[in-house]
There are 2 protein chains.
Amino acid sequence: MNFVQRLQTIQRRNNSLLCIGLDTDLARIPKFLQKYSNPQYEFNRRIIDETKDLVCAYKLNLAFYETIGEDGWSTVHRTLDYIPKEIVTIGDGKRGDISSSAEWQARLFYEDWNFSASTVSPYMGRDSIEPFIRRNDRCAFVLAVTSNKGSKDFQYLKVGGKLLYEHVVRKAIEWNAKKNIGLVAGATHPKDLHRIRSLAPEMPILVPGIGAQRGNLEAAVRYGCDKNGELAIINVGRSVIYTSTDEDFAEKAREAATDYRDQINRHREKYFEREKLNA
Amino acid sequence: MNFVQRLQTIQRRNNSLLCIGLDTDLARIPKFLQKYSNPQYEFNRRIIDETKDLVCAYKLNLAFYETIGEDGWSTVHRTLDYIPKEIVTIGDGKRGDISSSAEWQARLFYEDWNFSASTVSPYMGRDSIEPFIRRNDRCAFVLAVTSNKGSKDFQYLKVGGKLLYEHVVRKAIEWNAKKNIGLVAGATHPKDLHRIRSLAPEMPILVPGIGAQRGNLEAAVRYGCDKNGELAIINVGRSVIYTSTDEDFAEKAREAATDYRDQINRHREKYFEREKLNA
């Protein structure tokens, strides 16, 4: 099963485009978890238990794990082992490098940790991401328009009448022989997300920026999805996982995740033909 | 002492612009080191012992350490602890992210590991690198023109009559209020290195691509240096550290490093006023 098929399968099975960002900050998790030998893993485990039927994917931003020191590496490993195999896992590291280094990066993400997808930065060009797109069961999401304010600094520069991010999208399409490249387009830029979906009608699009970053959820669904109302992966991090700092944090996360999933599905009902979703 | 002063001090003291890339690949290091509990650290330790008087900096590409698993994190830590404090250390990770994640990245590089500098990718813009330029004793080297083939894919796009990398350089100059931003410009692109030095006459420039990547050493020195023949950091990795796979590997690395340092200094003699170097 290639990556796109796998994504479609879980999106249909769980009837969900929601991705939960496990950006687990030790300073923000409930205090009572500190009694466990690995509080970060314990937090993740409980969030996964409560939400695994509500999501199509989990995304781990590696910055939150690397900083923990030696344990961080194995927390990533254990968390991925704990996630049911049918759910997509995204290693968010914005990697990419000269090929001798990128080989090792891809090996870390896809072999050692066993993520099903990763995020990569386009600036260094094709050979810098090539090791991330060698396997057709793994997907590399290329940054196109990011959700942060600094996205304006370069991504919107005009290059021959087009914006830089459009060139990135066009190159990503050109490199997509194995159908295992996706794009990152922030929900904070609905117009550009729309443009990107029209340029790449069949690619998975990872849509960050919902919740703490105040992206537009309706637009994320309307413009992020393919023609069947699928293949958008709508990431929500902090506003799901940090809903409570008490013993009930995982149940509260479930409530928040349910609410996001349902809101997303209402928007899908509005803009897409639902009968196709159960095809 | 800010970063630029620190770099100047060690470049003058060791009379060297050479940076050794400790991209220590377990598959390429001498077999006899496998008997040590941490062969990667043992390799680094011996290379440092033999070369610390010949360099201004060591650069560690994190890809080679992350992949090792839990031990990789502490190998970076132990290697940095072992490097004499006056030598610049560069954490080469091409990082940068939305600010909540970049905060953690910068903390890892500058606080936990204690690198004196890092490499960052410009695509996500100012706020994605801001945590890396908060301390004026630490430097963020922004990718301008990279040494790989893929550099042609985006870095040379024409934006309003200028190349994309020139926009990156101009932004980096604009953001350089604390004088702690540097640039990455590959020795495989001498003309562009020249252009970048003329745009940024006073910034440190990290010049990769010498050795295995066949960059032009004379041009790296001639165009990478500031007007005093300083502030270029010429990185050489594989063609110094993998000169021998026998017991004598560190001595052989010393010979190769000496040769590179001397070649660099001969080019400095040719193109710059040497009396200023000892000012």
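None of the figures in this text is laboratory data; all of them are computed from the coordinates on show. Computed from a predicted structure; not experimentally measured. Neighbour counts run over all protein chains shown; Cβ positions are idealised from the backbone, glycine included.
From the square roots a ≥ b ≥ c of the eigenvalues of the alpha-carbon gyration tensor of segment A:3-277, which class results: rounded (a/c under 1.5), prolate (a/b over b/c), or oblate?
oblate
Assign unit charges at the C-beta atoms only (+1 for Lys and Arg, -1 for Asp and Glu), then state the dipole size of segment A:86-208 relative to its Cα centre in Debye, rounded to the nearest 20. Intermediate results must be reported in sequence, preceding the final value.
Numbers: 18 positive and 14 negative charges, 104 e Å.
Using only the charged Cβ atoms, the result is roughly 500 debye.
Suppose we keep just the alpha-carbon trace of the protein assembly as shown; what are its Rg and Dmax in angstrom?
23.6, 80
What ranking do B:Thr9, A:Thr146, B:Thr75 get, fewest neighbouring Cβ atoms within 10 angstrom at the top? Write out the running numbers ahead of the final one.
Numbers: B:Thr9 14, A:Thr146 29, B:Thr75 23.
Listed from fewest to most nearby Cβ atoms, that is B:Thr9, B:Thr75, A:Thr146.
In whole Å, how far is the Cα centre of segment A:89-127 from that of segment A:220-237?
23 Å
Using a 7 Å offset from the Cα along the Cα-to-Cβ direction at both B:Arg28 and B:Lys179, what is the distance between the two label points in nm, to one decimal?
In this crude spin-label approximation the distance works out to 3.7 nm.
Per DSSP H run of at least 4 residues, take -39500 (n - 2.57); add these up for the protein assembly as shown, divide by its residues and hand me the 222 nm value, nearest 500 deg cm²/dmol.
Details: 26 runs with 234 residues, N = 558.
Dividing the helical sum by the residues of the protein assembly as shown leaves -12000 deg cm²/dmol.
A:Phe3: net charge of surrounding residues, Cβ under 12 Å, Lys/Arg +1, Asp/Glu -1, itself excluded? Can you show the working numbers first?
Values: positive: A:Arg6, A:Arg135, A:Arg138, A:Lys178, A:Lys179; negative: A:Asp137.
Neighbourhood net charge equals +4.
Rounding to the nearest 20 debye, state how big the charge dipole of segment B:3-277 is about its Cα centre with +1 on each Lys and Arg Cβ and -1 on each Asp and Glu Cβ. The partial results should precede the final answer.
On the way: 42 positive and 37 negative charges, 201 e Å.
Taking the Cα centre of segment B:3-277 as origin, the dipole is about 960 debye.
Report, as an integer, the average count of C-beta atoms from other chains found within 10 Å of each Cβ along A:56-62. Walk me through the numbers on the way to the answer.
Values: counts 0, 0, 0, 0, 0, 6, 7.
Mean partner shielding for this stretch: 2.
Using a 10 Å cut-off on Cβ to Cβ distances, tally the other chain neighbours for every residue of A:153-166 and report the average as a whole number. Provide the component values of the computation, followed by the final result.
Numbers: counts 13, 11, 3, 1, 7, 3, 6, 4, 0, 1, 0, 6, 1, 0.
Partner Cβ neighbours, averaged per residue: 4.
With the Cα gyration tensor of segment B:26-103 giving a ≥ b ≥ c as the square roots of its eigenvalues, does the rule (a/c under 1.5 for rounded; else a/b larger than b/c for prolate; else oblate) give rounded, prolate or oblate? Walk me through the intermediate numbers first.
Working: a/c = 2.36, a/b = 1.31, b/c = 1.80.
Note, shape of segment B:26-103 comes out oblate.
Classify segment A:96-252 as rounded, prolate or oblate from the Cα gyration tensor: take a ≥ b ≥ c as the square roots of its eigenvalues, call it rounded if a/c is under 1.5, otherwise prolate when a/b beats b/c and oblate if not.
Details: a/c = 1.70, a/b = 1.18, b/c = 1.44.
Oblate is the answer for segment A:96-252, as a/c is 1.5 or above yet b/c matches or exceeds a/b.
Using the Cα centre of segment B:25-129 as origin and beta-carbon charges of +1 (Lys, Arg) and -1 (Asp, Glu), tell me which of B:Leu33, B:Cys56, B:Gly72 is placed farthest towards the positive end of the dipole.
Value computed over the given set: B:Leu33.
Please give the FRET efficiency for B:Asp259 paired with A:Glu218, using the beta carbon to beta carbon distance and R0 = 60 Å, rounded to the nearest 0.05.
Numbers: r = 63 Å, r/R0 = 1.05.
The calculated FRET efficiency here is 0.40.
Of the listed pairs B:Lys59/B:Lys171; A:Lys158/B:Lys152; B:Lys31/B:Lys252, which have alpha-carbon separations greater than 20 Å here?
Numbers: B:Lys59/B:Lys171 24 Å; A:Lys158/B:Lys152 17 Å; B:Lys31/B:Lys252 16 Å.
From B:Lys59/B:Lys171; A:Lys158/B:Lys152; B:Lys31/B:Lys252, over 20 Å: B:Lys59/B:Lys171.
Would you mind working out the magnitude of the charge dipole of the protein assembly as shown relative to its Cα centre, with +1 at each Lys and Arg C-beta and -1 at each Asp and Glu C-beta, to the nearest 20 Debye? If you can, show how the numbers build up before the last one.
Values: 84 positive and 74 negative charges, 390 e Å.
Dipole of the protein assembly as shown, to the nearest 20 debye: 1880 debye.
Measuring from centroid to centroid over Cα atoms, what is the spacing of segment B:1-68 and segment A:1-25 in Å?
Computed from Cα coordinates, the inter-centre distance equals 41 Å.
Rounded to the nearest 0.05, what FRET efficiency do B:Arg107 and A:Ser37 give with R0 = 25 Å and r taken as the Cβ-Cβ distance? Could you check?
Working from the Cβ atoms, E equals 0.65.
Could you calculate the FRET efficiency of A:Arg266 with A:Asp137 from 1/(1 + (r/R0)^6), where r is the beta carbon distance between them and R0 is 41 Å, rounded to 0.05? Could the numbers behind the result be given before it?
Numbers: r = 32 Å, r/R0 = 0.78.
Efficiency for this residue pair is about 0.80.
Can you give the local net charge around B:Phe64? Use residues other than it whose beta-carbon is closer than 14 angstrom to its beta-carbon, Lys and Arg +1, Asp and Glu -1.
Working: positive: A:Arg95, A:Arg107, B:Arg28, B:Lys59, B:Lys94, B:Arg238; negative: A:Asp97, A:Glu103, A:Asp112, B:Asp23, B:Asp25, B:Glu66, B:Asp71, B:Asp92.
Combined, the nearby Lys, Arg, Asp and Glu give -2.
Whole-Hz ³J(HN,Hα) for each residue in segment B:203-209, computed from phi via Karplus 6.51 cos²θ - 1.76 cosθ + 1.60 with θ = phi - 60°, x for glycine and proline: what do you get?
Taking θ as phi minus 60°, the curve returns 8, x, 10, 8, 10, x, x Hz for segment B:203-209.
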